[in-house]
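Report on the structure given below.
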Amino acid sequence: MSRGFRRSALIGAGLATALAAGTVVVACQSSGSSSAAPKLSVADPYIPLPATPGGMGAGYLTVRNDGGSDRLLKVSSPGAGSVTMHRSTEKSMEEVGELEVPAHGTLDLARGGNHLMIMDWSKQPALGDELELDLEFAKAGTVVVKVPVKPLTYRPGS
């Protein structure tokens, strides 16, 4: 091998190593922003009064996130035997095990989409009552929310 070829090969190998190291640094920096701690707040929570006494109720709210991504893993309540998370589509409603809370975004639990189903109330809900919901997140831990019972036809902002 010629001396010039070896020198070119060494320079090329060094350049490739430097570029690879730069790629790793960039990848670490970009993944670092998504691993930032979530900063969650809950807005506009409400439960429409169930249509039938002792019947299931639905829960709606918006989780705002000003930080890194998180996941809603579970919802419970001392005032209900069961609270489950559901997703509605055009044709069906299905229970889901978790819901994504995007970084610097929102998770909307609203009519016709993702929502909560509340069953086995400890006491019959009445207008103006508040039900405690304990929202368990993967990173942020438990967030406790007091959710008012509103008329069946209530729509936020109306």
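Summarising the amide proton neighbourhood of Ser82: residues at separation of 5 or more, or on other chains, whose placed amide H is nearer than 5 Å comprise Met119. Put a plus charge on the Cβ of each Lys and Arg, a minus charge on the Cβ of each Asp and Glu, and nothing anywhere else: the dipole of the range 40-150 about its Cα centre is then about 140 debye.
Across the cross-link table entries Lys91/Lys123; Lys39/Lys150; Lys91/Lys139; Lys39/Lys74; Lys39/Lys123; Lys123/Lys150, which are compared at the Cα atoms, the separations over 26 Å belong to Lys91/Lys123; Lys39/Lys150; Lys91/Lys139; Lys39/Lys123.
Sequence gap at least 6, Cα distance under 8 Å: using those rules, report the relative contact order of the range 40-150 to the nearest whole percent.
Values: 278 pairs, mean separation 37.2, N = 111.
Across the range 40-150, relative contact order equals 34 percent.
Here the range 40-150 yields Rg over Rh of 0.95, to two decimals, using C-alpha coordinates and the Kirkwood radius. Each residue in Ser92, Ser76 was given a count of other beta-carbon atoms within 10 angstrom of its own, and listing them fewest first yields Ser92, Ser76.
Values quoted throughout were computed directly from the atomic coordinates according to the rules given, and no laboratory measurement underlies them. Just so it is clear, the structure is predicted and the values come from calculations on it, not from any experiment. Neighbour counts run over all protein chains shown; Cβ positions are idealised from the backbone, glycine included.
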